[in-house]
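Colleague: I'd like to ask some things about the structure below.
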Amino acid sequence: MSSKDKNLSLHSEKSIQEIGKKQFAIVVAEWNEEVTEALYKGAYEKLTEYGAKKENIHRYDVPGSFELTLAAQWAAQKPEIDAIICLGCVIQGETRHFDFICDAVAQGITNVNLRHNKPVIFGVLTPENQQQALDRAGGKHGNKGDEAAITAIKMLGLHTTILKRSKTGIGF
Ligand SMILES: Nc1c(NC[C@H](O)[C@H](O)[C@H](O)CO)[nH]c(=O)[nH]c1=O
Ligand SMILES: CC(=O)[C@@H](O)COP(=O)(O)O
């Protein structure tokens, strides 16, 4: 299903739990700034809408999406950070550079999730052109930043549920 069939800003309430005490890092790529700033606005507003405190949302800027991974790792190493949201926009150009960046960032962010055992969200648009990016950064297909924030909230809720069940012995 593509974003044109499922609006990025629409979601269920499943796994959403209290996040008033949770701390979030949002790492934002400067490349395609008009798009990534819109993604950040969506993510920030969604986190605060669901109860995150403004003082618990920490923004870090990186030159491009390729650098999202290392900055996410630096943030994940901080014990007080509960979840990291990575926001970027990699627009296809004339060469295969697009493919290498997208693959590196997707794999890199996956690795940080697993290495640090905390949610590190892939909020990176990989469109063919600027219009596709704008459509997914608050346009007709919603906002990838909204989706990334909700995903972080849901994964924190799921982690809490799993930990509770393991303590109570209630089977999965
Ligand atoms: N072309 C895009 C880039 N390129 C820059 C890389 O992300 C990286 O900063 C550079 O290769 C140095 O390591 N980055 C984006 O985020 N979006 C693009 O469209
Ligand atoms: C994703 C990129 O780095 C790309 O936008 C750069 O464009 P090009 O492949 O034409 O050099």
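The values are calculated or read from the model by the stated rules, or taken from the named source; none is laboratory data. For clarity, every value in this text was computed on a predicted model and none was experimentally measured. Here the Cβ is made from the backbone with ideal geometry for all residues, glycine too, and neighbour counts use every protein chain on show. To get the accessible areas, we keep the full protein, side chains included, count just its heavy atoms, and leave off ligands, DNA and RNA. Shrake-Rupley method; radii C 1.70, N 1.55, O 1.52, S 1.80 Å.
Colleague: Given R₀ = 35 Å, FRET efficiency for Ile91-Lys54 by Cβ-Cβ distance, to 0.05? Don't skip to the answer; put the middle values down first.
Modeller: Working: r = 31 Å, r/R0 = 0.88.
After rounding to 0.05, the efficiency reads 0.70.
Colleague: Moving to a separate point now. Hey, if we sort Met1, Met155 by accessible area with the 1.4 Å probe, largest down, what's the order? Could the numbers behind the result be given before it?
Modeller: Values: Met1 185, Met155 90 Å².
Largest to smallest exposure gives the sequence Met1, Met155.
Colleague: A follow-up question, please. Under 10 Å, Cα contacts only: if you run a Gaussian network model on the chain, which one of Leu87, Leu39, Leu114 comes out with the highest mean-square fluctuation?
Modeller: Result: Leu114 has the largest fluctuation of those listed.
Colleague: Based on Cβ point charges of +1 for Lys and Arg and -1 for Asp and Glu, what charge dipole magnitude is obtained for the chain about its Cα centre, in debye rounded to the nearest 20?
Modeller: Details: 21 positive and 21 negative charges, 201 e Å.
Its charge dipole is roughly 960 debye.
Colleague: I would also like to ask the following. Which is the longest stretch in the chain that no exposed loop site breaks, taking sites as trypsin sites (Lys or Arg not before Pro) with a DSSP loop state and at most 16 other Cβ atoms within 10 Å? Kindly include the intermediate steps, with their values, before the conclusion.
Modeller: Numbers: sites that count: Lys4, Lys6, Lys14, Lys21, Lys53, Arg96, Lys140.
With a cap of 16 other Cβ atoms within 10 Å, the longest stretch comes to 97-139.
Colleague: Which aspartates and glutamates have a Cα less than 20 Å from the Cα of Lys154, not counting those fewer than 8 places away in the same chain?
Modeller: Once the sequence-local aspartates and glutamates are set aside, what remains near Lys154 is Glu13, Glu18, Glu45, Glu49, Glu80, Asp82, Asp146.
Colleague: Given the pairs Lys4/Lys164; Lys78/Lys164; Lys4/Lys54, which are separated by over 28 angstrom at their Cα positions? Please list the in-between numbers first.
Modeller: Values: Lys4/Lys164 37 Å; Lys78/Lys164 24 Å; Lys4/Lys54 32 Å.
Correct reply: Lys4/Lys164; Lys4/Lys54.
Colleague: Under a point spin-label approximation (7 Å from Cα along Cα-to-Cβ), what is the Asn129-Lys167 distance to one decimal in nm?
Modeller: Output for this residue pair reads 5.4 nm.
Colleague: Now for a separate question. Looking at the chain, which longest stretch skips every one of the GluC sites (Glu not before Pro) that is in a DSSP loop with at most 15 other Cβ atoms within 10 Å, leaving the sites themselves out? Provide the component values of the computation, followed by the final result.
Modeller: Working: sites that count: Glu13, Glu18, Glu30, Glu80, Glu94, Glu128.
In short, 31-79.
Colleague: Which part of the range 24-67 falls in the paramagnetic zone of Lys78, meaning amide N under 15 Å from the point 7 Å along Cα-to-beta-carbon?
Modeller: 24-28, 53-62
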